[in-house]
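**Q** For reference, the structure I am asking about is given below.
Just so it is clear, none of the values below were taken in a lab; they were calculated from the coordinates. Remember, predicted model here, so these are calculated numbers, not experimental data. As a convention, Cβ positions derive from the backbone with ideal geometry for all residues, glycine included, and neighbour counts pool all protein chains shown.
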Amino acid sequence: MVFFVLLQLPIGTHEWSKLVTPEELVLALQRASISVEEMAGFFYNPLTREWSLSDDTSINYIAYGIKKSEAPSATPQ
């Protein structure tokens, strides 16, 4: 089964040096005033044909964040 799953993408599909690590993503978002609220790994089970979330972000991951609001501007009167 592992052999089947590993051959789903052609060799050379990814250029690993260009992929962003979870830590790099968090730093980039922080620089843009976005706080990461949650990050999780995810995987596909070909036997059940279902996706699941995981604590393991070493292979793939998803994240969501919230843009920090700027100081409120004075409202004209």
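**Q** How many of the residues making up the stretch 8-58 are without any contact (Cβ under 8 Å) to a residue 24 or more places away in the chain, assigned to a loop (DSSP other than H, G, I, E, B) and surrounded by 12 or more Cβ atoms within 10 Å (Cβ to Cβ)?
**A** 1
**Q** If you don't mind, there's one more thing I want to ask. Working only within the stretch 42-60, note down all residues that are under 14 Å from V26 (Cα atoms) and touching a Phe, Trp or Tyr at 6+ places or on another chain (Cβ under 7 Å).
**A** The answer is none; no residue qualifies.
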